[in-house]
Amino acid sequence: MTTAEAQFVDFGGLRVEYDARVLTPRPWTAAQSRWAAELIRTAPPGPVLELCAGAGHIGLLAVTLAPRPLVCVDLDPVACGFLRKNAALAGIEVDVRQGPMDEVVAAGEEFPVIVADPPWVRTEEVGTFPEDPVTAIDGGRDGLDLARTCLAVIDRHLAIDGSALLQVGPLDQAQRIRDLVEHYDELDVVEVRDYERGALVRIDRVVPEAA
Ligand SMILES: C[S@@+](CC[C@H](N)C(=O)[O-])C[C@H]1O[C@@H](n2cnc3c(N)ncnc32)[C@H](O)[C@@H]1O
């Protein structure tokens, strides 16, 4: 059996190890870590949850900038292996949960900040990125299958007054997320930030006042 060659990248000052079996860390996504760190500083107490963590660098950088306990979820055992190594390199203890995100977070667990980076490439465009593992990027017909699952997990596990940062691709996906969030009584899209290679959507849990 051949193994892919390990590579290292500097991600906002963190040394991150990965190889060709997982998505290569994208420098722009440090913006998601920095925004999450801003939110963590004023969020209610509790751990941070990272969904679709891959090699873990987005969540690790966030809690390096604004320390909190971190729970990371990814389906892929190889990604979880790198996550554990990268957490050790950063000197951060992480609760790594390997499995489908809608199965590995227990009922009743709540998080004041959730960071999510699901696959968001439309299936018909996956071939445009031959260097990327399909499971890391294939978001289904409209690219939002896994983002929908993230929303369901966010709805179940985001604490009151908490915030989630969901990464999507083109800006029209962010608009679609706004539409989908309308179906959740206690979730609101409060801000969208657009970057050259993707967009970040901030979703807050706001409990409606009793009449
Ligand atoms: C776009 S990649 C992001 C990885 C990492 N955050 C990064 O920036 O490189 C999406 C990740 O979601 C994971 N994933 C796909 N489906 C999942 C699911 N149902 N539950 C949990 N993780 C999933 C993939 O294994 C992959 O690591």
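The values are calculated or read from the model by the stated rules, or taken from the named source; none is laboratory data. From a predicted model like this one, the values you see are computed outputs, not experimental measurements. A quick note on method: Cβ atoms are made from the backbone with ideal geometry, for glycine too, and the neighbour counts reach across all protein chains shown. Keep in mind that these areas ignore ligands, DNA and RNA; they rest on the heavy atoms of the full protein, side chains included. Shrake-Rupley method; radii C 1.70, N 1.55, O 1.52, S 1.80 Å.
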Please turn the phi angles of segment 49-65 into ³J(HN,Hα) values with the Karplus equation 6.51 cos²θ - 1.76 cosθ + 1.60 (θ = phi - 60°), one per residue in order, whole Hz, x for glycine and proline. 10, 10, 9, 6, 6, x, 6, x, 5, 5, x, 4, 5, 4, 7, 6, 6
Would you mind computing the Rg to Rh ratio of segment 7-205 from its alpha-carbon coordinates, Kirkwood style for Rh? 0.93
Among C52, G91, P25, the residue whose Cα sits farthest towards the positive end of the charge dipole of the chain (+1 at Cβ of Lys and Arg, -1 at Cβ of Asp and Glu, taken about the Cα centre) is G91
Which whole-number percent gives the relative contact order of the chain, counting Cα pairs below 8 Å spaced six or more residues apart? 17
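Return a whole-number percent for the relative contact order of segment 1-90, with Cα pairs under 8 Å and 6 or more residues apart as the contact set.
30
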Approximate spin-label separation V134-E5, in nm, with each point projected 7 Å along Cα-to-Cβ: 2.6
Given the DSSP H assignment, sum -39500 (n - 2.57) over each helix run of at least 4 residues in the chain and divide by its residue total; what's the result at 222 nm in deg cm²/dmol, nearest 500? -9000 deg cm²/dmol
At 25 °C in a medium of viscosity 0.890 mPa s, segment 1-104 has a Stokes-Einstein diffusion coefficient, with Rh taken as the Kirkwood radius over alpha carbon pairs, in µm² per second, of 179
Scan around G143 for amide H atoms under 5 Å from its own, H built in the peptide plane at 1.01 Å from N, and keep only partners 5 or more places away or cross-chain. T123
Semi-axes of segment 137-211's equivalent ellipsoid from the Cα gyration tensor, sqrt of 5 times each eigenvalue, largest first, rounded to whole Å? 22, 13, 10
Dipole magnitude of the chain about its Cα centre, charges +1 at Lys/Arg Cβ and -1 at Asp/Glu Cβ only, in debye to the nearest 20? 540
Quick one: which of 46-54, 28-36, 135-143, 90-98 comes out on top by average Cβ neighbours within 10 Å, and what's the full order, highest first? 46-54, 28-36, 135-143, 90-98
For T24, what accessible surface area do you get with a 1.4 Å probe? Give it in Å², rounded to 10. 70
Within the under-14-Å Cβ sphere about W35, not counting W35, Lys/Arg +1 and Asp/Glu -1 give a net charge of -2
Sequence order, segment 144-149: Karplus ³J(HN,Hα) from phi using 6.51 cos²θ - 1.76 cosθ + 1.60, θ = phi - 60°, Hz rounded, Gly and Pro as x, gives 10, 4, 6, 5, 5, 5
Most positive-pole-ward Cα, A66, Y195, V115, against dipole of the chain from beta carbon charges: A66
